[in-house]
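Chemist: Mind having a look at this structure? Questions to follow.
The values are calculated or read from the model by the stated rules, or taken from the named source; none is laboratory data. Here the structure is a predicted model, which means the values were calculated and not measured. Positions of Cβ are generated from backbone atoms using ideal geometry, with glycine treated the same way; all protein chains shown enter the neighbour counts.
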């Protein structure tokens, strides 16, 4: 079959209907604990008979950079999405990075559709839908893309489908609920049964993982739900490959209060009030479950400030794991330099980074803080219902997901 080239990587036309799934925030322990408790027999079977691997997500280990890395098959230095949120020096404004104009690379789904195949994409939150579906042509009748959050607003012109809630048999779930992710899976199964896409991408939300640790009743129930849908997709004959955009860790003190390094007060003490601008790329419209506290930050400094002296000071702060210049961070983590500040800071496993205490609304943290963004959330599962043959020595990354699903399934 003719290979489809997207962003310099070749993908064969799907031999078998294939679904790639991003289980948002899925630290490997969630699946392991659910299996141990008897909640996930399909996961257990897939991992035993198919493939059970560990991959590395991109840094920052946030939702947008990793979903776009998966859908383009490349790291942020290629596709340009380095966070959920960034500072645009050209406009002097801090903005969400969810407009398709920010995406600098075509998607694998668009390339597969252009090659004459049917594709589908369902994501939990609408913030990702436009980015993930960029380039799809709904007029051809061979593409469908919508979000759980705005399922009732879907239409033929903008999504390739209408009356989605009737189609799935579910109402629009609350954005802060497990139901938002279940809608993704229910829709994926319904599309597999009816539309029968050759290639499909499903992406969930990490609300549950932010709230509960692996092995808890709520987490096990959530993965039992996922497990049931994986079994149905497998029974429908799909090659299933499931990975995650990032892991998740406790980020709190022993007394359950959030453990935070607030960066603005530090830079005010070093440079003066308002001299530095701290950007937290985890920021998005849905901060109730994490309070915009993650483990990655970028800082814009006034002209003439010695960056190395700032890095030296940052490295002395307890809870800071990495402090790098823009150039060093881009080289290390494959990031776009024009969308980062002068410095990059990454915190340790159980610590988050904030701007200033009065700038974070933590009233929605009804459970001790769990979050992500750093190196300690980089290890994620990559599981398939098919045996895989990965080339020896290949560093497995989450953005390899489509390449693995289409190139590495054993005959």
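Chemist: Would you pick out the residues in the stretch 27-46 that are in contact (Cβ under 8 Å) with a residue 24 or more places away in the chain and part of a loop (DSSP other than H, G, I, E, B)?
Modeler: Hits for the stretch 27-46 are 27, 37, 39, 40.
Chemist: Looking at the stretch 329-347, which of its residues are touching a helix residue (DSSP H, G or I) at 6+ places or on another chain (Cβ under 9 Å), in a helix (DSSP H, G or I) and surrounded by fewer than 20 Cβ atoms within 10 Å (Cβ to Cβ)?
Modeler: Hit for the stretch 329-347 is 337, nothing else.
Chemist: Pull up the stretch 144-158, narrow it to residues that are in contact (Cβ under 8 Å) with a residue 24 or more places away in the chain and not in a loop (DSSP other than H, G, I, E, B), then point me to the one that is surrounded by the fewest Cβ atoms within 10 Å (Cβ to Cβ). First the steps, then the outcome.
Modeler: Our first condition is that a residue be in contact (Cβ under 8 Å) with a residue 24 or more places away in the chain; within the stretch 144-158, this holds for 144-151.
When the remaining residues are screened for being not in a loop (DSSP other than H, G, I, E, B), the result is 144-147, 151.
Numbers: 144: 25, 145: 23, 146: 29, 147: 29, 151: 26.
Here the answer is 145.
Residue-wise test of (1) touching a strand residue (DSSP E or B) at 6+ places or on another chain (Cβ under 7 Å); (2) in the same structural domain as residue 125 (by TED's automatic domain parsing); (3) surrounded by fewer than 20 Cβ atoms within 10 Å (Cβ to Cβ).
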{"residue": "77", "(1), (2), (3)": "no, yes, yes"}
{"residue": "86", "(1), (2), (3)": "yes, yes, no"}
{"residue": "91", "(1), (2), (3)": "no, yes, yes"}
{"residue": "94", "(1), (2), (3)": "yes, yes, yes"}
{"residue": "98", "(1), (2), (3)": "no, yes, no"}
{"residue": "109", "(1), (2), (3)": "yes, yes, no"}
{"residue": "114", "(1), (2), (3)": "no, yes, yes"}
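Chemist: Quick one: residue 104 ticks every box in (1) surrounded by fewer than 18 Cβ atoms within 10 Å (Cβ to Cβ); (2) at pLDDT 95 or above; (3) assigned to a helix (DSSP H, G or I) except a single one, so which number is it?
Modeler: Single failed check for residue 104: (3).
Chemist: Another one. Among the numbered criteria (1) in contact (Cβ under 8 Å) with a residue 40 or more places away in the chain; (2) surrounded by fewer than 23 Cβ atoms within 10 Å (Cβ to Cβ); (3) in a loop (DSSP other than H, G, I, E, B), which one does residue 373 miss?
Modeler: Here residue 373 meets the rest and fails (2).
Chemist: Just give me the residues in the stretch 270-295 being at pLDDT below 85 and either in a helix (DSSP H, G or I) or in contact with a strand residue (DSSP E or B) (Cβ under 8 Å, 6 or more places away or on another chain) (or both), in sequence order. Let's see the steps before the verdict.
Modeler: Filtering the stretch 270-295 down to residues at pLDDT below 85 leaves 283-291.
The answer is 283, 284, 285, 290, 291.
Chemist: Can you name the residue in the stretch 48-72 that is touching a strand residue (DSSP E or B) at 6+ places or on another chain (Cβ under 6 Å) and part of a loop (DSSP other than H, G, I, E, B) and, of all such residues, is farthest from residue 203 (Cα to Cα)?
Modeler: Once the filter is applied, the top-ranked residue is 50.
Chemist: Which one is surrounded by the most Cβ atoms within 10 Å (Cβ to Cβ), of the residues in the stretch 12-26 that are within 12 Å of the chain's Cα centre (by Cα) and in a strand (DSSP E or B)?
Modeler: First, the residues of the stretch 12-26 that are within 12 Å of the chain's Cα centre (by Cα): 21-26.
Still in the running and in a strand (DSSP E or B): 21-22.
Values: 21: 25, 22: 29.
Checked the stretch 12-26; the qualifying residue surrounded by the most Cβ atoms within 10 Å (Cβ to Cβ) is 22.
Chemist: Checking residue 317 against (1) part of a helix (DSSP H, G or I); (2) touching a strand residue (DSSP E or B) at 6+ places or on another chain (Cβ under 9 Å); (3) touching a residue at least 12 places away in the same chain (Cβ under 8 Å), only one condition comes out false. Which one?
Modeler: Condition (1) is where residue 317 drops out.
Chemist: Then there is this: When you check residue 305 against the structure, is it touching a helix residue (DSSP H, G or I) at 6+ places or on another chain (Cβ under 9 Å), at pLDDT 95 or above and farther than 26 Å from residue 81 by Cα, yes or no? Spell out the reasoning first.
Modeler: Working: touching a helix residue (DSSP H, G or I) at 6+ places or on another chain (Cβ under 9 Å): yes; at pLDDT 95 or above: yes; farther than 26 Å from residue 81 by Cα: yes.
The answer is yes for residue 305.
Chemist: Could I ask something else about it? If you take the residues in the stretch 215-263 that are within 24 Å of residue 67 (Cα to Cα) and assigned to a loop (DSSP other than H, G, I, E, B), which one is farthest from the chain's Cα centre (by Cα)?
Modeler: This residue is 238.
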